[in-house]
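Only one structure is covered here, and it is reproduced in the block below.
The values are calculated or read from the model by the stated rules, or taken from the named source; none is laboratory data. The shown structure was predicted, so the numbers you read here are calculated from the model rather than taken from an experiment. Reconstructed Cβ throughout: ideal geometry from the backbone, glycine too, with neighbour counts over all protein chains shown.
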Amino acid sequence: MSDLALSIVLGIALAAATGFRVFLPMLIVSGAAYTGHLQLDNSFAWLGTSSALTMLGVAALAEVLAYYVPVVDNLLDALVTPAALIAGTLVSAAVMTDVPPMVKWTAAVIAGGGVAGLTQGLTGILRAHSTVLTGGLGNSIIATAELGGAVLISFLALVAPAAAIALVMLFLLVAIRLVRRLFRGAKSPDSRT
(Lines give C-alpha, C1' and ligand atoms only; values in the text may rest on other atoms or scores of the structure.)
Protein backbone atom coordinates (compact mmCIF):
# COMPACT_ATOMS: atom_id res chain seq x y z
CA MET A 1 0.00 0.00 0.00
CA SER A 2 1.42 3.42 -0.92
CA ASP A 3 2.25 5.97 1.80
CA LEU A 4 -0.60 8.18 0.57
CA ALA A 5 -3.18 5.39 0.76
CA LEU A 6 -1.80 4.19 4.10
CA SER A 7 -2.03 7.69 5.52
CA ILE A 8 -5.64 8.06 4.38
CA VAL A 9 -6.64 4.61 5.69
CA LEU A 10 -5.00 5.42 9.06
CA GLY A 11 -6.96 8.66 9.23
CA ILE A 12 -10.28 7.02 8.38
CA ALA A 13 -9.79 4.19 10.89
CA LEU A 14 -8.94 6.64 13.68
CA ALA A 15 -11.94 8.76 12.70
CA ALA A 16 -14.19 5.72 13.04
CA ALA A 17 -12.82 5.20 16.55
CA THR A 18 -13.91 8.74 17.46
CA GLY A 19 -17.44 7.64 16.60
CA PHE A 20 -17.24 5.26 19.58
CA ARG A 21 -15.56 7.72 21.96
CA VAL A 22 -14.59 11.23 20.92
CA PHE A 23 -11.62 11.86 23.19
CA LEU A 24 -10.08 8.41 23.70
CA PRO A 25 -8.77 7.95 20.11
CA MET A 26 -7.46 11.51 20.21
CA LEU A 27 -5.70 10.68 23.50
CA ILE A 28 -4.12 7.59 21.93
CA VAL A 29 -2.98 9.62 18.90
CA SER A 30 -1.62 12.29 21.24
CA GLY A 31 0.27 9.72 23.28
CA ALA A 32 1.70 8.06 20.18
CA ALA A 33 2.84 11.43 18.82
CA TYR A 34 4.23 12.54 22.19
CA THR A 35 6.34 9.37 22.50
CA GLY A 36 7.54 9.62 18.89
CA HIS A 37 5.64 6.62 17.57
CA LEU A 38 3.43 8.64 15.24
CA GLN A 39 4.23 11.55 12.97
CA LEU A 40 1.58 14.26 12.77
CA ASP A 41 1.02 16.89 10.13
CA ASN A 42 2.94 20.05 11.10
CA SER A 43 -0.23 22.06 11.70
CA PHE A 44 -1.33 19.44 14.26
CA ALA A 45 1.95 19.26 16.19
CA TRP A 46 0.13 20.68 19.24
CA LEU A 47 -1.65 17.32 19.54
CA GLY A 48 1.66 15.70 20.51
CA THR A 49 2.37 18.03 23.44
CA SER A 50 2.19 17.23 27.13
CA SER A 51 -0.58 19.79 27.68
CA ALA A 52 -2.72 18.19 24.94
CA LEU A 53 -2.01 14.77 26.43
CA THR A 54 -3.16 15.96 29.88
CA MET A 55 -6.27 17.74 28.57
CA LEU A 56 -7.31 14.78 26.41
CA GLY A 57 -6.64 12.36 29.27
CA VAL A 58 -9.04 14.23 31.56
CA ALA A 59 -11.64 14.59 28.80
CA ALA A 60 -11.39 10.90 27.84
CA LEU A 61 -11.77 9.76 31.46
CA ALA A 62 -14.80 12.00 31.98
CA GLU A 63 -16.39 10.81 28.74
CA VAL A 64 -15.83 7.12 29.49
CA LEU A 65 -17.27 7.43 33.01
CA ALA A 66 -20.24 9.54 31.89
CA TYR A 67 -21.39 6.82 29.48
CA TYR A 68 -21.95 4.52 32.46
CA VAL A 69 -24.42 6.93 34.07
CA PRO A 70 -28.06 6.20 33.13
CA VAL A 71 -29.85 9.06 31.32
CA VAL A 72 -26.54 10.94 30.95
CA ASP A 73 -25.47 8.40 28.30
CA ASN A 74 -28.49 9.22 26.14
CA LEU A 75 -27.96 12.96 26.57
CA LEU A 76 -24.32 12.55 25.61
CA ASP A 77 -25.31 10.85 22.37
CA ALA A 78 -27.19 13.98 21.33
CA LEU A 79 -24.26 16.23 22.25
CA VAL A 80 -21.44 14.01 21.04
CA THR A 81 -22.66 13.46 17.50
CA PRO A 82 -21.48 16.86 16.19
CA ALA A 83 -18.30 16.52 18.26
CA ALA A 84 -17.61 13.12 16.68
CA LEU A 85 -17.88 14.66 13.20
CA ILE A 86 -15.38 17.35 14.15
CA ALA A 87 -13.03 14.98 16.00
CA GLY A 88 -13.14 12.49 13.14
CA THR A 89 -12.23 15.21 10.68
CA LEU A 90 -9.43 16.59 12.86
CA VAL A 91 -7.83 13.28 13.83
CA SER A 92 -7.85 12.04 10.26
CA ALA A 93 -6.33 15.29 8.98
CA ALA A 94 -3.70 15.21 11.74
CA VAL A 95 -2.29 11.84 10.68
CA MET A 96 -2.43 12.46 6.92
CA THR A 97 1.14 13.63 6.48
CA ASP A 98 2.63 14.46 3.08
CA VAL A 99 -0.83 14.46 1.52
CA PRO A 100 -1.77 17.34 -0.79
CA PRO A 101 -4.09 19.73 1.11
CA MET A 102 -7.03 19.26 -1.29
CA VAL A 103 -6.87 15.47 -0.95
CA LYS A 104 -6.27 15.63 2.82
CA TRP A 105 -9.19 17.89 3.66
CA THR A 106 -11.56 16.20 1.21
CA ALA A 107 -10.75 12.79 2.70
CA ALA A 108 -10.79 14.16 6.25
CA VAL A 109 -14.17 15.85 5.95
CA ILE A 110 -16.00 13.33 3.78
CA ALA A 111 -14.47 10.02 4.85
CA GLY A 112 -13.16 10.89 8.31
CA GLY A 113 -16.07 13.00 9.51
CA GLY A 114 -18.54 10.79 7.66
CA VAL A 115 -17.40 7.50 9.17
CA ALA A 116 -17.20 9.08 12.65
CA GLY A 117 -20.75 10.40 12.30
CA LEU A 118 -22.04 7.09 10.96
CA THR A 119 -20.39 5.12 13.77
CA GLN A 120 -21.70 7.52 16.42
CA GLY A 121 -25.17 7.54 14.88
CA LEU A 122 -25.42 3.75 14.79
CA THR A 123 -24.24 3.33 18.38
CA GLY A 124 -26.65 6.07 19.45
CA ILE A 125 -29.56 4.25 17.82
CA LEU A 126 -28.52 0.98 19.47
CA ARG A 127 -28.30 2.73 22.86
CA ALA A 128 -31.73 4.34 22.38
CA HIS A 129 -33.26 0.92 21.62
CA SER A 130 -31.45 -0.58 24.59
CA THR A 131 -32.87 2.16 26.80
CA VAL A 132 -36.40 1.41 25.62
CA LEU A 133 -36.04 -2.38 25.83
CA THR A 134 -34.08 -2.64 29.09
CA GLY A 135 -34.94 0.59 30.87
CA GLY A 136 -31.29 1.60 30.46
CA LEU A 137 -29.93 -1.47 32.26
CA GLY A 138 -28.39 -2.83 29.05
CA ASN A 139 -26.68 0.45 28.19
CA SER A 140 -23.57 -0.39 30.20
CA ILE A 141 -22.98 -3.34 27.86
CA ILE A 142 -23.12 -0.99 24.88
CA ALA A 143 -20.85 1.51 26.67
CA THR A 144 -18.30 -1.23 27.34
CA ALA A 145 -18.44 -2.44 23.73
CA GLU A 146 -17.96 1.14 22.48
CA LEU A 147 -15.02 1.64 24.83
CA GLY A 148 -13.45 -1.60 23.64
CA GLY A 149 -14.10 -0.65 20.01
CA ALA A 150 -12.48 2.76 20.44
CA VAL A 151 -9.37 1.29 22.08
CA LEU A 152 -9.05 -1.67 19.71
CA ILE A 153 -9.53 0.30 16.51
CA SER A 154 -7.25 3.13 17.66
CA PHE A 155 -4.34 0.85 18.52
CA LEU A 156 -4.96 -1.41 15.54
CA ALA A 157 -4.98 1.63 13.25
CA LEU A 158 -1.52 2.58 14.50
CA VAL A 159 0.00 -0.86 13.87
CA ALA A 160 -2.12 -2.29 11.03
CA PRO A 161 -4.31 0.38 9.39
CA ALA A 162 -5.69 -1.99 6.72
CA ALA A 163 -6.85 -4.46 9.40
CA ALA A 164 -8.39 -1.59 11.37
CA ILE A 165 -10.38 -0.35 8.37
CA ALA A 166 -11.54 -3.91 7.67
CA LEU A 167 -12.75 -4.17 11.28
CA VAL A 168 -14.54 -0.83 10.95
CA MET A 169 -16.30 -1.99 7.79
CA LEU A 170 -17.32 -5.23 9.51
CA PHE A 171 -18.72 -3.31 12.50
CA LEU A 172 -20.65 -0.91 10.26
CA LEU A 173 -22.10 -3.79 8.25
CA VAL A 174 -23.21 -5.67 11.39
CA ALA A 175 -24.54 -2.51 13.05
CA ILE A 176 -26.54 -1.47 9.97
CA ARG A 177 -28.10 -4.95 9.77
CA LEU A 178 -28.92 -4.86 13.48
CA VAL A 179 -30.50 -1.42 13.22
CA ARG A 180 -32.55 -2.53 10.19
CA ARG A 181 -33.72 -5.59 12.12
CA LEU A 182 -34.65 -3.42 15.11
CA PHE A 183 -36.67 -1.08 12.90
CA ARG A 184 -38.36 -3.96 11.10
CA GLY A 185 -39.21 -5.52 14.46
CA ALA A 186 -40.67 -2.21 15.64
CA LYS A 187 -42.82 -1.92 12.51
CA SER A 188 -44.05 -5.53 12.49
CA PRO A 189 -46.53 -5.29 15.40
CA ASP A 190 -48.06 -2.14 13.93
CA SER A 191 -48.55 -3.68 10.51
CA ARG A 192 -50.39 -6.70 11.95
CA THR A 193 -53.02 -4.69 13.78
Filtering the range 18-36 down to residues that are in contact with a helix residue (DSSP H, G or I) (Cβ under 7 Å, 6 or more places away or on another chain) and assigned to a loop (DSSP other than H, G, I, E, B) yields 21, 22
Would you check if there is a residue in the range 55-69 being loosely packed, with under 14 Cβ neighbours inside 10 Å, modelled with pLDDT of 95 or more, part of a helix (DSSP H, G or I) and not aliphatic (A, V, I, L, M)?
no
Need the failing condition index for residue 99 against (1) among the aliphatic types (A, V, I, L, M); (2) buried (at least 16 other Cβ atoms within 10 Å of the Cβ); (3) assigned to a helix (DSSP H, G or I), just the number.
(3)
Selection status of residue 147, at pLDDT below 95 and part of a helix (DSSP H, G or I):
no
Single condition residue 160 does not satisfy, out of (1) at positive phi; (2) among the small types (Gly, Ala, Ser); (3) out of contact with any Asp or Glu (no Cβ under 9 Å at 6 or more places or on another chain):
(1)
